[in-house]
Amino acid sequence: MPDYDQLLDAEMKAFVDRTNSYYPPETVTFTIDQQRAVYDRMCSEFHAGRPDTVIVRDDHVPGDYRVPVRIYDKAGIGEPSAVVVYFHGGGFVVGGLESHDDVCAEICDFTGYRVVSVDYRLSPEYSHPAAFDDSVAAFDWVAAAFGGPIVVAGDSAGGNLAAAVSHARRGHSSQPAGQVLIYPGLGGDHNAGSYLEHANAPMLTKADIDFYVGIRTKGKEITGDPTLAPLHDTDYSNLPPTLAFPAECDPLCDDSANYCARITAAGGEARNHVQKGWLHGALRARHMSAVSAASFRAICEAIATLGKGGGQA
């Protein structure tokens, strides 16, 4: 078993302790309403505020379900040269526009790009494919409303949705210019590799993942559906340039490596940047951990590069 005392530095251990004080490891056993309340409080405690340069407005995607979105623009730079569509993490069960508000604002400030955060429907009230359908609808709306290069990005469950959108929209005139996946869950084998090696990692365990996967499908075993799990696709050609940032100490770590390898084998551009000493959910540690600060900067640089039409970074 990994020795997390050796793999994690003092700042990352402090982040784990602080997170657990708001969001204890047993939260996954709480009722859904309780999980959301605990998660929202934890995110509020970590919220770093928005940079003064960022202007924010809320909107929605027209349709049968009016998907809420939050739009971030950097003041004083004119029309942005690219758009980032961001999908938040939370196991498809928790999270929303508030949980990743400061992350999206800081991405906007760093890149100068417009950022559109998507508040897709959550499980168990809405099972698969609701979150995927909302994500595609939001991407299509952004493409029609703003145009320009669009980078899709997301963390954890949001990384899954970003990749699923890229698969669904490849070959379209408005396909993503690139995708940035932050410790994504892409549907890998739960009984192999990092799922076993880091089954009891701090911040996210294999048992947690099994719960989230089961609740999204209402307990049904679904295979061969890339809208649910991009690693279940059989075709990895013509996908946009892909940059993945998995956390070393995370059951999901190998998903990114396997996904990037398949894109590369199909002739595409993909690079997997394993973040050493990093944990699932550690985006929130970017203001208290040098490791997380460096990872977040690398993520922002990757988004900036892809928005300019650059390839691998």
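With 0.36 nm allotted per residue and the present C-alpha distance subtracted, the Thr29-Met288 stretch has 90.4 nm of extension available. Within the full protein context, the accessible area of Ser173 is estimated at about 130 Å² for a probe radius of 1.4 Å.
Shown in residue order for segment 119-132 are the 3J(HN,Hα) couplings computed by the Karplus curve 6.51 cos²θ - 1.76 cosθ + 1.60 at θ = phi - 60°: 9, 5, 5, 10, 8, x, 4, 10, 7, 4, x, 4, 4, 5 Hz (x for Gly and Pro).
Per residue, the accessible area of the chain comes to 39 Å², computed with a 1.4 Å probe over protein heavy atoms only. Number of Lys-Lys pairs in the chain with C-alpha atoms under 24 Å apart and a separation of 8 or more places or on different chains: 6.
Given the choices (i) 119; (ii) 149; (iii) 128, volume of the Cα convex hull per residue in Å³ derived from the coordinates of this structure is entry (i). The apolar share of the surface of segment 237-313, taken as the fraction of accessible area on carbon and sulfur atoms (1.4 Å probe, ligands and nucleic acids excluded), comes to 50 percent. Normalised by the number of residues in segment 161-313, the average gap of Cα pairs under 8 Å and 6 or more apart makes the relative contact order 28 percent. Taking each residue as 0.36 nm, the span from Tyr22 to Phe211 lengthens on full extension beyond its C-alpha to C-alpha distance by 66.0 nm.
For Arg57 and Ser173, calculate 0.36 nm times their separation in residues minus their Cα-Cα distance, and state this gained length in nm to one decimal. Provide the component values of the computation, followed by the final result.
On the way: separation 116, 0.36 × 116 = 41.76 nm, distance 2.72 nm.
Extra length available between Arg57 and Ser173 comes to 39.0 nm.
Around the Cα centre of the chain, unit charges on the Cβ atoms of Lys, Arg, Asp and Glu (plus for the first two, minus for the last two) sum to a dipole of about 520 debye.
Segment 139-158 and segment 13-62 have Cα centres separated by 23 Å.
Near the amide H of His60, within less than 5 Å, lie the amide hydrogens of Val69, all on another chain or at least 5 residues away, with H placed in the peptide plane. The accessible-area ordering, largest first, of the residues Lys13, Lys308, Lys218 stands as Lys308, Lys218, Lys13, per a 1.4 angstrom probe.
The values are calculated or read from the model by the stated rules, or taken from the named source; none is laboratory data. Predicted model only: the values in this text are computed from it and were never measured. Here Cβ is always computed from backbone atoms with ideal geometry, including for glycine, and neighbour counts include all displayed protein chains. Just the protein is used for accessible areas: all its heavy atoms, side chains included, with ligands, DNA and RNA removed. Shrake-Rupley method; radii C 1.70, N 1.55, O 1.52, S 1.80 Å.
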